[in-house]
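So the structure is just underneath, and the comments pick up after that.
The values are calculated or read from the model by the stated rules, or taken from the named source; none is laboratory data. Note that this is a predicted model, so its numbers are computed, not measured. Cβ coordinates were reconstructed from backbone atoms using ideal geometry, including for glycine residues, and neighbour counts include every protein chain displayed.
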């Protein structure tokens, strides 16, 4: 990981550690085929309490981990700046499969590309009983 990438990630981490500073809030969530590599990151901008994100942007990588990709980190930082987010919330883990039910595979089925998540809770990574 380059110095610039560490700097971009550190800036995002610093913003998140500051806690809630008002709206708009930038939400950052990572998704991947397993709980080890994030292949997708989604950043949403929430303008007011109780609202859904009104702006979403997604970045993908077929080979790299998006959490350590210099270009993606820089793009996220610029996206947050562009939308004047006062607060940043970042997930501390990968939130599940990067594919969308009903879009990438049929509703109600398990993702055929991500068998790791087929028997796991996407929020905890724990096996389902």
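Out of curiosity, is residue 64 modelled with pLDDT of 95 or more and either closer than 15 Å to residue 86 by Cα or surrounded by 14 or more Cβ atoms within 10 Å (Cβ to Cβ) (or both)?
No: the conditions fail for residue 64.
Hey, does segment 39-59 have a residue that's modelled with pLDDT of 95 or more and under 23 Å from residue 127 (Cβ atoms)?
yes
Out of the residues in segment 43-58 meeting the condition of being surrounded by fewer than 18 Cβ atoms within 10 Å (Cβ to Cβ) and in a strand (DSSP E or B), tell me which one is nearest to the chain's Cα centre (by Cα).
Among those that are surrounded by fewer than 18 Cβ atoms within 10 Å (Cβ to Cβ) and in a strand (DSSP E or B), it is 58.
For segment 75-115, how many residues meet the condition of being touching a residue at least 40 places away in the same chain (Cβ under 8 Å) and either surrounded by fewer than 16 Cβ atoms within 10 Å (Cβ to Cβ) or closer than 15 Å to residue 40 by Cα (or both)?
The number of residues fulfilling the criteria is 13.
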